[in-house]
Amino acid sequence: MGYAMVAIAATLFGVNGAVSKVALSSGLSSLRLTEARSAGACIALALIALVRDPASLRVERRELPRLALFGIVGVAFVQLFYFLAIHRLPVGIALLIQYIGPVLVAIWARTFGHEDVRRRIWLALGLSLAGLTLMVQLWRGITLDGLGVTFALIAAVVFAVYLLLAEHEVQKRESIPLLAWGFFFAVVFWTIVQPWWSFPAAATGRTVSLQGHLGSLHLPVWALVLWVIVLGSALPFALIVGAMRHISATRVGVTAMLEPVVATVAAWLWLGESLSATQLAGAAVVLAGIGLAQTAR
């Protein structure tokens, strides 16, 4: 049951990459898509928490700075740099680079957290870096968009920070209320940076081509944004949290590695994004490194 829930969540997250890329092609900026996703996910997760246990959303004043840090750095920035990356890179490659985050977490736990982390973590790091070298083809001077790779690497670092903050906070609070608060502070942050009254509402009413092999089909931008919010955020997050009642967090993490695989296949079948044999080999090496890191802690 737990494995099935994670697999469904990973599939939804993976397909969400292609949906987001099409939404971004409409002219809606990465910042605005991040803002809309944060608001929608905040409402959905808060409603889930209210139905399950209204008291779980209560917080003390001293907790607010930590929750704000989690929401701004951990939630808002992870989404932002991922969207910036997929705007310039194939979805699968951007996601695989971001997924180096768990490797960084394990290294942090061993180096600074003084945890008993197996030495295989260094092999995991070596595999991840070797796979990344193959994917970007460094010997050719980086064949991918340099700024896109930079955004993806920043996303990996921010993702690692998100995991560390979440790991600390989840000891005191259930995951869904924690995520609801995280998305709330992400919304507050984006509202200050780019107020809602300047949101390009007219852009969401446009009809855009689904591109690639589905180029003959068209959907309104608001439908794509709704997908990103409901099926690309709220539902998979809820499934991941629910899965932890059946299987361990480590097994959830390893099973969730299905996400970049699904993202790559979806981008190929839908958008026509293809990877060379060398890049596919690099992706496999990165996945091996991530899996090894998940089992090292």
Yes/no for L12 being part of a helix (DSSP H, G or I) and at pLDDT below 85
no
Taking region 197-234 on its own, how many of its residues are under 21 Å from F13 (Cβ atoms) and hydroxyl-bearing (S, T, Y)?
1
Cβ-Cβ under 8 Å, sequence separation 6+ or interchain: first residue in region 52-72 and of a type outside the set (D, E) and surrounded by 14 or more Cβ atoms within 10 Å (Cβ to Cβ), partner modelled with pLDDT under 90 and not in a helix (DSSP H, G or I). Which pairs?
S56/R173; S56/E174; L67/V59
Report, ordered by the first and then the second residue, all pairs with beta carbons closer than 9 Å, sequence separation of six or more or different chains, a first member in region 11-34 that is on the phi > 0 side of the Ramachandran plot, and a second member that is assigned to a helix (DSSP H, G or I).
G27/A203; G27/V221
Inside region 173-230, counting only helices (runs of 4 or more DSSP H) that do not spill past its ends, which hold 2 or more residues that are more than 17 Å from E35 (Cβ to Cβ), at pLDDT below 90 and not charged (D, E, K, R)?
175-193
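Is one or more of the residues making up region 81-94 in a loop (DSSP other than H, G, I, E, B), hydroxyl-bearing (S, T, Y) and touching a residue at least 60 places away in the same chain (Cβ under 8 Å)?
No, region 81-94 contains no residue that is in a loop (DSSP other than H, G, I, E, B), hydroxyl-bearing (S, T, Y) and touching a residue at least 60 places away in the same chain (Cβ under 8 Å).
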Counted residues, region 22-40 - those being closer than 22 Å to V265 by Cα and either among the acidic types (D, E) or surrounded by 24 or more Cβ atoms within 10 Å (Cβ to Cβ) (or both):
1
Sole residue being surrounded by fewer than 22 Cβ atoms within 10 Å (Cβ to Cβ) and in contact (Cβ under 8 Å) with a residue 60 or more places away in the chain, chosen from T204, T150:
T204
Could you please let me know if R245 is under 26 Å from A46 (Cα atoms), surrounded by 15 or more Cβ atoms within 10 Å (Cβ to Cβ) and charged (D, E, K, R)?
no
So is L138 modelled with pLDDT under 80 and more than 20 Å from T295 (Cβ to Cβ) or not?
yes
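The values are calculated or read from the model by the stated rules, or taken from the named source; none is laboratory data. For clarity, every value in this text was computed on a predicted model and none was experimentally measured. Cβ coordinates were reconstructed from backbone atoms using ideal geometry, including for glycine residues, and neighbour counts include every protein chain displayed.
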